[in-house]
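The values are calculated or read from the model by the stated rules, or taken from the named source; none is laboratory data. The shown structure was predicted, so the numbers you read here are calculated from the model rather than taken from an experiment. Every residue, glycine among them, receives a Cβ derived from its backbone with ideal geometry; neighbour counts consider all protein chains shown.
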Amino acid sequence: MIIREVQAKTILSISKIRDYVVNPYIGCEHACSYCYARFMKRFTGHKEPWGEFVDVKLNAAELLQKEILTKKMGEVWVSGVCDPYQPLEAKYGLTRKCLAILAQHKWPVSVQTRSPLVLRDIDIFETAPTFEVGLSVTTADDSIRKIFEPQAPPIKDRIAALDTLHKAGVKTYAMIAPLLPGAEGLAQLLPGKVDHILIDRLNYHSADWIFREHNLTKYLSAEYFSTIAAEISAACKKSGIECQVLF
Ligand code: SF4
């Protein structure tokens, strides 16, 4: 793993998905096989494989402190092209510092991660009513998780994190994306732990070879994606959870 400490030029960037996005890191130790953020390599000049480099934006909080005073308030996504709670965050605390600034200024924030390290910052979330916290969960089957996301935390730890946050009164959501084999089991695991659920299919082809290698290609079909999304949506309806299918 190549870790570089860098000085960023800007941190509160315009986003197509939300109003703004804050990425305290470039690169991600979780190295998920299907990660759409691989495209970042093109813009940052990295030649290393995705998951083998992280640039740490040491001045992220200082930049945000200044930029927040000059930009119109809008919803901030933390983070778009890295996991804000990848293991390095335990050492650097950049995400925590940025979230504290956003909370202090009462900006609406959507945090999204695959890591229970997010619980470290529960004190910020508990006092920030404009925040929501989401955990990405792609399957209920941890043996499938190990195939596609071997470096990311186990599914049960992510669901336990959602449970803890929700019980603490934090608005929570599950991002079921991309739908991986075994995702249907999530319909039983999430009720009572989330306020809403978002579902998306696999939109990039970087992991197709893994499906082939493990004889899982039937899970790549449009039919599988719509059947499972409909199944999870129906279960959510029964449990009174808002569910949005994004494809
Ligand atoms: S955690 Fe997110 S950003 Fe990191 S590798 Fe996985 S999909 Fe990509």
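Checking each residue in the stretch 125-165 for being without any contact (Cβ under 8 Å) to a residue 40 or more places away in the chain, closer than 17 Å to Gly192 by Cβ and among the basic types (Lys, Arg) picks out only Lys156. When the helices (runs of 4 or more DSSP H) confined to the stretch 1-102 are screened for residues that are touching a residue at least 60 places away in the same chain (Cβ under 8 Å), those reaching at least 2 such residues are found at 88-92.
How many of the residues making up the stretch 131-149 are of a type outside the set (A, V, I, L, M), more than 13 Å from the ligand (Cβ to nearest atom) and either under 17 Å from Pro24 (Cα atoms) or assigned to a loop (DSSP other than H, G, I, E, B) (or both)? Total satisfying the criteria: 2. In the stretch 169-247, counting only strands (runs of 3 or more DSSP E) that sit wholly within it, the ones holding 1 or more residues that are more than 16 Å from the chain's Cα centre (by Cα) and either crowded, with 17+ Cβ neighbours inside 10 Å or modelled with pLDDT under 95 (or both) span 242-245. From the list Ala152, Ala128, the one residue that fits, being in the same structural domain as Ser15 (by TED's automatic domain parsing), closer than 26 Å to Leu190 by Cα and either of a type in the set (D, E, K, R) or not in a helix (DSSP H, G or I) (or both), is Ala128. The residues in the stretch 91-115 that are in contact with a Leu (Cβ under 6 Å, 6 or more places away or on another chain) and surrounded by 23 or more Cβ atoms within 10 Å (Cβ to Cβ) can be counted, and the count is 2.
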